[in-house]
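The values are calculated or read from the model by the stated rules, or taken from the named source; none is laboratory data. All values derive from a computational prediction rather than experimental measurement. Reconstructed Cβ throughout: ideal geometry from the backbone, glycine too, with neighbour counts over all protein chains shown.
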Amino acid sequence: MLDGPHLVETYLQRVGMPQLLVVSESGTMNAEIDGLLSSAAMAEKLTVPDGLFRELSSVASPVGVLAVIPVPPSATEPPMSPCVLLDAVQDAGNVGTILRTAVAAGCRDIALGPGCAGAWTPRVLRAAQGAHFGSHIYEHADLEALIRHFGRISTAAVASGGSSLYDLDLSGDVAWIFGNEGAGVSPTLAALAARRATIPLVSDCESLNVGAAAAVCLFEGLRQRLAKGEG
């Protein structure tokens with residue numbers, strides 16, 4: 001279920017008609033929502049009282065429009081690189097943020113291993129802000145098999161003990177591995193990776209949030225690709 005005009009509009013632009021549009025009574029007087037309804041003339045529509053809409057919505061202050069969509073099947077072909085592999089990233093906000101960041105940095109294939117928050121849950125959808133519809137998402141992925149598949153380009157982001165991020169050649173294709181909020185990348189996956197990258201921090205800081213770490217790594221990779229004309 002997509003909650004709010006931005007997600008609904010992104011779906012209409014990139015995918016097509018939802019199965020159902022649900023609008024609150026007050027939402028019918030919203031000019032932005034009225035424009036969405038006009039754009040989705042072929043979709044089934046349902047208007048409900050504001051109180052019922054608040055019960056249906058997953059946000060504290062709903063704007064007044066929801067879209068019911070089918071959950072796409074998980075991608076089955078091996079991911080293309082550059083790509084992102086997530087190892088037990090449990091927080092939905094982090095998963096959605098990484099999805100959004102990965103797409104913005106040119107990594108449109110994202111594999112979620114066991115233990116990750118569900119890609120199509122409301123919080124992940126809100127945090128990703130439409131990135132789902134510009135990416136290929138692999139849920140319940142066998143990360144060990146994928147790391148072996150990517151071989152020399154697999155790079156695990158680790159809090160310490162890796163090569164400095166800024167000393168690595170990150171141009172070309174890289175399969176990034178980001179790990180759990182508390183435990184990081186599992187020792188098994190880190191050992192399988194061809195390289196381990198650590199973001200240099202000032203001495204009194206231990207680590208970054210996984211969403212922030214992913215942004216630093218992915219955009220350093222993009223910077224290097226653009227510098228070599230590979231963007």
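Within the stretch 111-129, how many residues turn out to be surrounded by 22 or more Cβ atoms within 10 Å (Cβ to Cβ) and either over 26 Å from Gly16 (Cβ atoms) or under 9 Å from the mean Cα position of the chain (by Cα) (or both)? If you could, list the steps in order and put the result at the bottom.
We begin by selecting, within the stretch 111-129, every residue surrounded by 22 or more Cβ atoms within 10 Å (Cβ to Cβ); these are 111-113, 116, 119, 124-125, 128.
From what is left, the residues that are either over 26 Å from Gly16 (Cβ atoms) or under 9 Å from the mean Cα position of the chain (by Cα) (or both) are 113, 116, 119, 124-125, 128.
Residues that pass the stated criteria total 6.
So, of the residues in the stretch 160-173 that are part of a loop (DSSP other than H, G, I, E, B) and of a type in the set (Ser, Thr, Tyr), which turns out to be surrounded by the fewest Cβ atoms within 10 Å (Cβ to Cβ)?
Ser160
Filter the stretch 23-76 for residues that are closer than 28 Å to His136 by Cβ and β-branched (Val, Ile, Thr) and give the result.
Hits for the stretch 23-76 are Val59, Val65, Val68, Ile69, Val71, Thr76.
For the stretch 188-215, which positions are in a loop (DSSP other than H, G, I, E, B) and of a type outside the set (Val, Ile, Thr)? Spell out how you get there, then give the answer.
In the first step, residues of the stretch 188-215 are kept if they are in a loop (DSSP other than H, G, I, E, B); the result is 193-194, 199-209.
Scanning the stretch 188-215 gives Ala193, Ala194, Pro200, Leu201, Ser203, Asp204, Cys205, Glu206, Ser207, Leu208, Asn209.
Listed residues Ala194, Ala157; which is of a type in the set (A, V, I, L, M, F, W, C), loosely packed, with under 15 Cβ neighbours inside 10 Å, touching a helix residue (DSSP H, G or I) at 6+ places or on another chain (Cβ under 9 Å) and assigned by TED's automatic domain parsing to the domain that holds Ala128?
The unique qualifying residue is Ala194.
For the stretch 154-178, give me each residue that is within 21 Å of the chain's Cα centre (by Cα) and either among the β-branched types (Val, Ile, Thr) or more than 15 Å from Val216 (Cβ to Cβ) (or both).
Result: Ser154, Thr155, Val158, Asp173, Val174, Ala175, Ile177.
Read through the list (1) of a type in the set (A, V, I, L, M, F, W, C); (2) more than 18 Å from Cys116 (Cα to Cα); (3) part of a strand (DSSP E or B), then give the number of the only condition that Leu218 fails.
(3)
Among (1) surrounded by 15 or more Cβ atoms within 10 Å (Cβ to Cβ); (2) closer than 16 Å to Gln129 by Cα; (3) touching a residue at least 60 places away in the same chain (Cβ under 8 Å); (4) not assigned by TED's automatic domain parsing to the domain that holds Ser171, where does Leu12 come up short?
So the condition that Leu12 fails would be (3).
This table checks each residue for (1) part of a strand (DSSP E or B); (2) in the same structural domain as Ser171 (by TED's automatic domain parsing); (3) on the phi > 0 side of the Ramachandran plot.
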site: Ser74; (1), (2), (3): no, no, no
site: Gln90; (1), (2), (3): no, yes, no
site: Leu99; (1), (2), (3): no, yes, no
site: Gly106; (1), (2), (3): no, yes, yes
site: Gly115; (1), (2), (3): no, yes, yes
site: Gly118; (1), (2), (3): no, yes, no
site: Val124; (1), (2), (3): no, yes, no
site: Ile137; (1), (2), (3): yes, yes, no
site: Ala141; (1), (2), (3): no, yes, no
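Within the stretch 28-72, can you find the residues that are in contact with an Asp or Glu (Cβ under 9 Å, 6 or more places away or on another chain), polar (S, T, N, Q) and not in a loop (DSSP other than H, G, I, E, B)?
Thr28, Ser39, Thr47
If you scan the stretch 201-223, which residues turn out to be more than 22 Å from Asp91 (Cβ to Cβ) and at pLDDT below 95?
Passing the criteria: Val202, Ser203, Asp204.
How many residues are among the polar types (S, T, N, Q) and either within 22 Å of Ala131 (Cβ to Cβ) or assigned by TED's automatic domain parsing to the domain that holds Gly130 (or both) when one looks only at the stretch 15-37?
1
Which condition number does Val158 fail, the rest of (1) of a type in the set (Val, Ile, Thr); (2) in contact with a Lys or Arg (Cβ under 6 Å, 6 or more places away or on another chain); (3) over 25 Å from Pro78 (Cα atoms) being met?
Here Val158 clears every test but (3).
I'd like to verify a number: residues in the stretch 66-109 that are touching a Gly at 6+ places or on another chain (Cβ under 9 Å) and hydrophobic (A, V, I, L, M, F, W, C), how many?
Of the residues in the stretch 66-109, 11 are touching a Gly at 6+ places or on another chain (Cβ under 9 Å) and hydrophobic (A, V, I, L, M, F, W, C).
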